[in-house]
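Data first, discussion second: the structure below is written as structure tokens.
What follows draws every value from the coordinates through simple rules; no lab data is involved. Quick caveat, the model's predicted, so the values are computed rather than measured. All Cβ positions, even for glycine, are placed from backbone atoms using ideal geometry, and neighbour counts span all protein chains on display.
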Amino acid sequence: MDDIRTLGKKTIKTLKEGGVFQVAKKSVEYIKVENIRRKYNGRVYKDVLFINGCDYNSLPHPPRYRIQHQMEQLRANGIECDEANWVELDLNAVRNYRLFIIFRCQYDEKIEKFIRLAHSLNKRVVYDIDDLVIDTKYTDEIKYLNTFDKQQKKDYDLGVMNMQRVLKMCDAAITTTERLAEELKKYNANVFINRNVASEKMYELSEKAYEKRVNQKQKKEKFAIGYFSGSITHNDDFELVLPVISKLMRKYPKLELHIVGLLDIPNELKCFQTRIIAHKFVNWQELPDLIAAVDVNLVPLQNNIFNEAKSENKWVEAALVRVPTVASNVGALKRMIKHEETGLLCNDKKEWYEALVTLIENEEIGKRIGENAYSFCKKNCLTLYTGMPLVRIVKKLFTPNIAFVLPALNISGGVMVALEHCVMLKKAGYDVTIINTDIDNSEWCKFHGVRLPVIASRKYTITGSLDKVVATMWFTVRFLEGNCNIKERYYLVQGFEPDMYEPGSPFRLEANEMYSPKSEVRFVTISKWCEKWLQEKYDKKARYIRNGMHVKDYWPIKRDFSGKVRILIEGDCGVAYKNVDESFQITNQLDKNKYEICYMSYNAEPKDWYDVDEFYHKVPFEEVGDIYRSCHILLKTSTLESFSYPPLEMMATGGFVVAIPNGGNKEILTNEKNCLLYHQGDILEGVNAIKRICSDEDLRNKLYEEGLKTAKERDWNNIRNDVLEAYGCKER
């Protein structure tokens, strides 16, 4: 309640001086300054991002407890986190964290977009609130709001209802007390309690304040009771004990009243003004010294729903300097304080009077209670010792995540397979991230209409927890070995990678080394051939997943061979094992009056001696099917493939395939059944295979039907469950 009233007081002052525009201007300017000081590092991957809906000027107390202290709890237990202010929140930050905790944010379009984007990525968003400012049915009971004019009250009510709106949009809520949790469940069924606790810095300052008090101890002539209100608007609470304080001041000339905050001295006490020590609102770092200067801490609270929902902060702060607390027997104070052991609880004025008389007349009782409260709070109310309950909450709210480490974002065959797996896992409810080891700094990758977040490993510091990480090429395995925050490591093997390099290349040895990784890695492969040599050569048992395709994207058409026949050559001529030169050695032998030669490559361009009629370069993925349909025969001469996609895609469109057999295409290509195979290096045999397809209609009919059948068997929809099971996942 202090924060509401303090904010209200400052807001009214600014409204009077400069109007609504000036309020908005000052708020934004201040928050921008704060954001520069507190802004999260955008190039990170961590576990939790706290999004602060308050500023540290108008409302310093709540965000300190609910953001900084909770971050300290998490960091003390290995959960990496950051803070960002909602004013300058970057929507792309949704890529960088597993969970988002929004503190007291009001609704606006950006917050809604952020939450929707997080949900689209299967990430969860939590609302943190420490007061009943989520419905006007509660706030209408705050007497202080009666001082607002009509427009101020309307604006305030809108803010309250806008907080409720965000609360309802979130997956869960975290709050401070049982009564507050009970009320929040009316708006969000998934509510967790993480009590307010003191930070390590508060503990340090409190120890120093107590030590100073002990060292300065002289013969006691005065007995000080303290009321740390923070705001004049605590009059309703202070009125509970005002008659008691007045009576005690008359009875005990040695009694002093210390007031800290904006509380004006009530008229009933002005006759004791010489024994009243008043301090204005102070920085929290100064508060332990002021509390340590008194003998008793007063926490009077009216018995209403707001106070039942309030936390026990004032008791904890006093306990850390060993000062006993006398408090109303309400809410969290009632729950946390053991009467006559760690504090004194009062139900009426009579009990307040008796409790204070006891402490004034027998200081040893107060000392015992203060020491007991200190012993309890230093073990049960500090961030260092209380983080595990919050850690359990956070881990429960984490969506299981899986990251794929890609060598690049270019749509090559191997990358495409990994992206297919990413999309399937995302659709199954997993939090999926791409970690890109290339120099490309793209923040998103769109595949089949699905946006996947990308983290560039060269630019980002990745310290967040990762449930599963999948390496997709030999050098990406190093990411698995270099990160201790990974629970399960996978290596998606799509080919014998040492043979992708020329003899003498150091990469041959390094690639081979990755089949015997230093850390525990689970092997997955998309090829029976790879499964076989992994077992035979490296004693690695791999989980086999059939490779697939989206048949609907490669719908078939019957080819007309009455005119010129178009031959398609596909592959990067700069990569030796793609063996593209041999394809052109074959097509250069063909009659140019009867054949057109098309070449499709994502990276390399045709060599000078290639006879090419049409060159397709960096064709968008969604247009590849059209290229296949425009051609009659695919000539694919790769000598090394883990799984050869182009022949399967060509067959799906109703086209024909001439290829060299290799370990990766044996699963899908059968000579004379769905394709024609020829021996590597036999140029004439390759030429004759093309001519045979052109001249033999019966052969074409057979290859056409079997090719379509082969493609349909490999539809991704028939493989989905196999993919999930290979990574130990299931539909969520």
Interchain or long-range residues, amide H under 5 Å from Thr433's placed H = Ile402, Ala403, Phe404
Using alpha carbon centers only, region 265-317 is separated from region 474-521 by a whole-angstrom value of 63 Å
Counting sequence-distant residues (5 or more places) and residues on other chains, those with an amide H built under 5 Å from that of His279 are Ile259, Val260, Gly261
Scalar couplings 3J(HN,Hα) for region 87-92 by Karplus 6.51 cos²θ - 1.76 cosθ + 1.60 (θ = phi - 60°), nearest whole Hz, x for Gly and Pro, are 4, 10, 5, 8, 4, 5
Compute the long axis of helix 363-380 from its Cα atoms, compare it with the longest principal axis of the Cα atoms of the chain, and write down the angle in degrees, 0 to 90, nearest 10.
-> 0 degrees
Per-residue HN-Hα couplings for region 499-508, Karplus 6.51 cos²θ - 1.76 cosθ + 1.60 at θ = phi - 60°, whole Hz, x for Gly and Pro?
-> 6, 7, 10, 5, x, x, 5, x, 5, 4
Violating pairs (Cα-Cα greater than 30 angstrom) within the set Lys487/Lys541; Lys247/Lys334; Lys558/Lys730; Lys270/Lys378; Lys427/Lys459 | Lys558/Lys730; Lys270/Lys378
What ranking do Trp284, Trp555 get, fewest neighbouring Cβ atoms within 10 angstrom at the top?
-> Trp555, Trp284
So who's got an amide H within less than 5 Å of the one on Lys123, skipping anything under 5 residues away but keeping other chains? H placed 1.01 Å off N, in plane.
-> none
Provide the percentage of antiparallel DSSP beta bridges, counting only those with both residues in the chain; round to the nearest 5.
-> 5 percent
Using Cα Rg over 2.2 N^0.38 Å as the read-out, say which of (1) 1.20; (2) 1.07; (3) 1.33 was calculated from these coordinates.
-> (3)
Round to the nearest 10 and give me the degree value, 0 to 90, for the angle of helix 349-361's Cα axis relative to the longest principal axis of the chain.
-> 80 degrees
Please work out the Cα center distance from region 585-651 to region 337-405, rounded to the nearest Å.
-> 74 Å
Set the Förster distance to 45 Å, then compute FRET efficiency between Glu178 and Asp722 from the Cβ-Cβ distance, nearest 0.05.
-> 0.45
Expected unfolding gain across Lys691-Thr639 under the 0.36 nm per residue rule, minus the alpha-carbon gap, is 16.5 nm
Short version: ³J(HN,Hα) in whole Hz for each residue of region 611-617, in order, from phi by Karplus 6.51 cos²θ - 1.76 cosθ + 1.60 (θ = phi - 60°), x for Gly and Pro, what are they?
-> 8, 10, 8, 9, 10, 10, 10
Computed for region 422-517: size of charge dipole around the Cα centre, +1 on C-beta of each Lys and Arg, -1 on C-beta of each Asp and Glu, debye to nearest 20, value 460 debye
How many nm is it between the label spots at Ile683 and Asp572, if each spot is 7 Å from the Cα in line with the beta carbon?
-> 2.6 nm
Cα to Cα, under 15 Å, and not fewer than 8 places away if on the same chain: which aspartates and glutamates meet these conditions relative to Lys220?
-> Glu256, Asp295, Glu361, Glu363, Glu364
Measure up Lys395/Lys426; Lys532/Lys618; Lys552/Lys636 against 27 Å on the Cα-Cα distance and list the ones that go over.
-> Lys532/Lys618
From the Cα centre of region 113-139 to that of region 690-732, the distance in Å is 47 Å
For a label point 7 Å along the Cα-to-beta-carbon line of Lys712, residues of region 553-575 with backbone N under 13 Å = 556
Give the calculated FRET efficiency between Ile277 and Ile305 to the nearest 0.05, with a Förster radius of 22 Å applied to their Cβ-Cβ distance.
-> 0.10
Using the Cβ atoms and a cut-off under 15 Å, what net charge is assigned to the surroundings of Leu708, where Lys and Arg are +1 and Asp and Glu are -1?
-> +4
Against the longest principal axis of the chain, how steep is helix 528-538, in degrees 0 to 90 to the nearest 10, with axes from Cα atoms?
-> 70 degrees
FRET efficiency (Phe615, Leu91; Cβ distance; R0 30 Å; to 0.05) is 0.15
